[in-house]
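Have a look at the structure below, then the notes.
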Amino acid sequence: MNFHGKDIKIFAGSSNLTVAKGIADGLGLPLGKSDCCTFSDGEIAISLNESVRGSECFIVQSTCDPVNDNLMELLIMIDAMKRASAARITAVMPYFGYARQDRKAKPRDPISAKLVADLITTAGADRLLTMDLHANQIQGFFNIPVDHLLGAPLLARYMKEMVGTDSPDLGSVTRARNFANKIGCGLAIVDKRRQRANVSEVMNIIGDVKDRKVILVDDMIDTAGTLCNAAAALIERGGATSVTACATHAVLSGPAACRICLLSIAGIWHGASD
């Protein structure tokens, strides 16, 4: 990577302190000194406690729960660095919130992923680094370079050791096919129909999973409704012997943990990895 500034500085937002520390340690650098506080009315205040003039700055901040607070914190931190004359600012967002709102599903819908992209660019970010976007085309929402990393190589290596190579898998068809190729296994698809947000119904299993171990692979697990419905269908209707789930982003909102726990108690799961 070509660095424009005189040095590299890595700053952590509130959402990813552990990840930011791991990145900094891997590069042999200290975390940048900054403070984030909230006023009594809920406004976010950012203070940079060291000079960033002429520096190559990286802000590690996912827009996970609380989504809007973390997004606003990122925008304010970018603005602070821009005004402090940083040479280049890269927003490192392991999880890109609002990514599922990437198109108009019905009339008068917003495209919130595009709005977030515009906000990050307008705030002053020069580059975005993210991982396993819900839809690859979101990269085109930005007018700045986007580095889109994939979690499949790490997940595939782990799953190959844990489950073996004779396992069909599920998720986005392209993602699932690539994952299957990496571990040398077959492919099956669970067709689903989503009635409304966070509610889905498994309609059909495409492919033979009878007497086989199944890996469900996806970019994220949110409320785990799709995941649990699919797992139950694969066991009860498809005849699979076990189900293992893996995803890059374990959002696990609402009833997700309880749903997964109940299926595990019922003997549906062989294991789970996020």
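Key figures
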read-out	value
Relative contact order, percent, the chain [alpha-carbon distance under 8 Å, six or more residues apart]	11 percent
Inter-label distance for Cys258 and Arg88, nm, one decimal - labels placed 7 Å from Cα along Cα-to-Cβ	4.8 nm
Largest-first ellipsoid semi-axes for the chain, taking √(5λ) over the Cα gyration tensor eigenvalues, angstrom	38, 20, 17
Lysine pair count for the chain [Cα-Cα under 14 Å; pairs on different chains or 8 or more apart]	7
Accessible surface, per residue, of the chain when the full set of protein chains is kept, probe 1.4 Å, Å²	51 Å²
Alpha carbon convex hull of the range 1-112, projected area averaged over orientations, nm²	8.7 nm²
Spacing of the two label points (7 Å from each Cα toward its C-beta) at Asn181 and Asp7, in nm	4.4 nm
3J(HN,Hα) from dihedral phi, the range 71-82, Karplus parametrisation 6.51/-1.76/1.60, rounded to Hz, x for glycine, proline	5, 5, 4, 4, 4, 5, 5, 4, 4, 4, 5, 4
Residue-span extension gain [His148 to Asn204] - 0.36 nm each, minus C-alpha spacing	17.0 nm
Per residue Cα convex hull volume in Å³ - calculated over the range 49-110	105 Å³
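The values are calculated or read from the model by the stated rules, or taken from the named source; none is laboratory data. From a predicted model like this one, the values you see are computed outputs, not experimental measurements. Positions of Cβ are generated from backbone atoms using ideal geometry, with glycine treated the same way; all protein chains shown enter the neighbour counts. Note: areas computed on protein heavy atoms with side chains; ligands, DNA, RNA excluded. Shrake-Rupley method; radii C 1.70, N 1.55, O 1.52, S 1.80 Å.
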